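Undergrad: Okay, here's the structure, questions in a sec.
Bear in mind these aren't lab numbers, they're just calculated from the coordinates by the rules spelled out. Just so we're clear, the structure is a prediction, and the values are computed from it rather than from any experiment. Neighbour counts are summed over all protein chains in view; Cβ atoms, including those assigned to glycine, are modelled from backbone coordinates with ideal geometry.
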């Protein structure tokens, strides 16, 4: 029952109350003494003067050259230098999971990074990729991808940071800071609502403003405001009927005017569809060629359809970022790179991202002294699952498979029996007399003969092609079911890029590990977790459903869309928000992940139980390692508005911290909440709103494992 309020039901605030307070304080101080201009502003002013001086000397042809790419062998994207003016070249390379410019380090898929829930590790991940990009003579890295997982079949879900906008924004911000710390521009993508590969070139995401702001834009906003990202990539798809690359609401109203983005917006490769509309509505650079921003743009300027001032703004944005990153002093050049250091970063990320989904009877970690034989079974277990396909595909300098790593780890002490399970529909090509059923019988026989069975299963996800369904492909469910029936001590290891259905066998499996696409050290990472060298600490950035129909996006109108339109009719209720709203039990909830130790939560406290709208709030909780092993726990904080005048989620992630503890060790964790933590977006007033009323704080180990709760009120 809602309380009667004697004040206005809504209190409106800007993007950040803290920002408002800073402005007021500055005004007050200015009356007493002069303001010291920050060093960054002085540097920025000097850059602007230099940029203006260059633009004043440029011909129209030189300006046009700056706003589109040229095809050059060996480059993903390339903008040539202008030696007359001392303007260096721009070299753009793919990089969501490694630098796709010749052989290099195959880092874990971004979804594995998200599963680490570790900001510091995300920054290390970005710094390692930035360093490798620079060493390969590249100065713009087309990463990270911050699109939210909406469609479980999405072919690029492995490139994302999951289903939650807050988690995505936090990991992305750290990743971008890491990339740009190396003097390489990060290009956050794909702006915006780019959530499916099927019909991605033509589909229009029909999404209301509140949903856009609360779910699909927060990570981009954080990239701009918190990470100061240098570049943004406009997506292939349309948003509400207009191509992203010429969408004035996205590119001008929100990105540049509201958020204050001072970098440059680049089209996805071949995603520019016009000259005049794209130029006037906010696109700054066409890639990979100048079909629309070359001769056609020059002619549009000469005929007055695009002003030269508009071109100057595009060039200014590009030159500004190039100067900020030091490109004029340090042109792109090949340099040394320590691949051993790169490999160490990748391996740490992969290990931190492994999620222990089940571990009944403490089957894991394995004790080598108690095993005589292990059956290792799978279609791909003798090959590393280093990553997905498309622009994220890497050519690793080396890989190690699970079979290879486990065999090395156990040595001569334990007999390893390997079965390469090949689906029946593939067997017929090589040996018509052999059937899948016969192979399963052989697999069962070997599984029965061993002390323990480890079954590996995987999928393959790629840009340009959504999965047909979210079942494990190639009869792997049948394989797992058969092995579980033969040996109760069976561990299932999943190398998948995103959600897969596990309902056919998961209740019978005592231990399940989600390892994602771990990169080049796939086998080493899994062996470390299996044998307890690494205590798993990953948490799911995705909700794993029991059935496909349990997911929010489940009608043809929503996906792949009808008549070229994908209806985002689920609104803000995707992922765990949808499961909570409809009281659906997932197999594994968002934020879930077990450890080889245990953790206890206590002493949940608030800095105050009543605040005024816009005032900060501190939440404290104590976490203790109550087990026998050192381990890490991700403490998650969720918020619920108990008296909202609009429909809001039952819980929304608004804070998390990863803490590493020795057995018996405790630590006090502090979370800071601000007005944005409590707000929803009001499209009628174009503002973020914090309403007076009661809010609930929920702290726990997953979205469905809430350990402590308390409430506070906003006046």
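Undergrad: Against the longest alpha carbon principal axis of the chain, how many degrees, from 0 to 90 and to the nearest 10, is the axis of helix 17-30 turned?
TA: Tilt relative to the chain: about 40 degrees.
Undergrad: Rg to Rh for the chain: what is it, with Cα atoms only and Rh by Kirkwood?
TA: Reported Rg/Rh (Cα atoms, Kirkwood Rh): 0.98.
Undergrad: Put one equal scatterer on each alpha carbon of segment 348-581, apply the Debye formula with no solvent term, and list log10 I(q)/I(0) at q = 0.18 1/Å to two decimals.
TA: Normalising to I(0) and taking log10 leaves -1.44.
Undergrad: I'd like the antiparallel share, as a percent to the nearest 5, of DSSP beta bridges with both residues in the chain.
TA: Just about 55 percent of them are antiparallel.
Undergrad: Any chance you could run the full-extension gain for residue 603 through residue 546? It's 0.36 nm times the residue separation minus the Cα-Cα distance, nm to one decimal. Before the final figure, lay out each step's value.
TA: Values: separation 57, 0.36 × 57 = 20.52 nm, distance 3.46 nm.
Extending this stretch completely gives an extra 17.1 nm.
Undergrad: Another question, if that's okay. Based solely on its DSSP helices, what 222 nm [θ] is calculated for the chain when runs of n ≥ 4 H residues each add -39,500 (n - 2.57) and the sum is averaged over all residues, nearest 500 deg cm²/dmol? The partial results should precede the final answer.
TA: On the way: 18 runs with 193 residues, N = 715.
Per the formula, -8000 deg cm²/dmol.
Undergrad: For residue 46, put the label point 7 Å out on the Cα→Cβ axis and report which residues of segment 324-350 keep their amide N under 16 Å from it.
TA: 324-330
Undergrad: Within 10 Å, count the other beta carbons around each residue, average over each peptide in 255-264, 134-143, 505-514, and list them highest first.
TA: On the way: 255-264: 18.8, 134-143: 24.6, 505-514: 20.3.
Going by the mean number of other Cβ atoms within 10 Å, highest first, we get 134-143, 505-514, 255-264.
Undergrad: While we're here: Given the C-alpha centroids of segment 137-164 and segment 623-688, what is the distance between them in whole angstrom?
TA: Measuring centre to centre over Cα atoms gives 23 Å.
Undergrad: What percent antiparallel are the DSSP beta bridges of segment 348-581, to the nearest 5? Please report the intermediate quantities before stating the final value.
TA: Numbers: 6 of 28 bridges.
In segment 348-581, approximately 20 percent of DSSP beta bridges are antiparallel ones.
Undergrad: Between the helical axis of 165-180 and the dominant principal axis of the chain, each derived from Cα atoms, what acute angle in degrees is found, rounded to the nearest 10?
TA: Between helix and principal axis, roughly 70 degrees.
Undergrad: How many nm separate the modelled label positions at residue 581 and residue 562, each set 7 Å beyond the Cα in the direction of the Cβ?
TA: If labels sit at residue 581 and residue 562, their model points lie 2.0 nm apart.
Undergrad: Sticking with this structure for a sec: Can you sort 339, 380 from fewest to most other Cβ atoms within 10 Å of each residue's own Cβ?
TA: 339, 380
Undergrad: Return the distance in nm (one decimal) between the two label points of a simple spin-label model at residue 370 and residue 465, each offset 7 Å from Cα along Cα→Cβ.
TA: 4.4
Undergrad: Subtracting the Cα-Cα distance from 0.36 nm times the residue separation, let me have the gained length for residue 328 to residue 415 in nm, one decimal.
TA: This chain segment gains 25.3 nm when fully extended.
Undergrad: Additional query: Which residues does a label at residue 341 reach in segment 178-194, if reach means a backbone N under 19 Å from a point 7 Å past the Cα toward the Cβ?
TA: 178-185
Undergrad: Let me make sure I get this right: for segment 599-714, a, b and c are the square roots of the gyration tensor eigenvalues over alpha carbons, sorted descending. Under 1.5 in a/c it's rounded, otherwise prolate if a/b > b/c, else oblate. Which is it?
TA: Prolate, since a/c reaches 1.5 and a/b exceeds b/c.
Undergrad: From largest to smallest, what semi-axes in whole angstrom does segment 284-377 give when each is the square root of 5 times an eigenvalue of its alpha carbon gyration tensor?
TA: Semi-axes from the Cα gyration tensor: 57, 20, 13 Å.
Undergrad: Once you put a point 7 Å from the Cα of residue 210 and another 7 Å from the Cα of residue 666, both along the Cβ direction, what distance in nm separates them?
TA: Spacing of the two 7 Å Cα→Cβ label points: 4.2 nm.
Undergrad: Going by C-beta contacts inside 10 Å, put 47, 176, 334, 254 in order with the fewest on the left. Before the final figure, lay out the partial values.
TA: Numbers: 47 17, 176 30, 334 10, 254 23.
In order of increasing Cβ crowding within 10 Å: 334, 47, 254, 176.
Undergrad: Another one. Order of 604, 530, 113 from fewest to most other C-beta atoms within 10 Å?
TA: Details: 604 17, 530 25, 113 32.
Ascending number of Cβ neighbours within 10 Å: 604, 530, 113.
Undergrad: Between helix 119-135 and the chain, what is the angle of the helix's C-alpha long axis to the longest principal axis, kept within 0 to 90° and rounded to the nearest 10?
TA: The answer is roughly 70 degrees.
Undergrad: Please report, in Å, the Rg and the Dmax of segment 457-512, where both are computed over Cα atoms only.
TA: Expressed in Å, the Cα Rg and Dmax of segment 457-512 come to 12.0, 39.
Undergrad: Residue 199 to residue 248: FRET efficiency via 1/(1 + (r/R0)^6), r the Cβ-Cβ distance, R0 41 Å, to the nearest 0.05?
TA: 0.95
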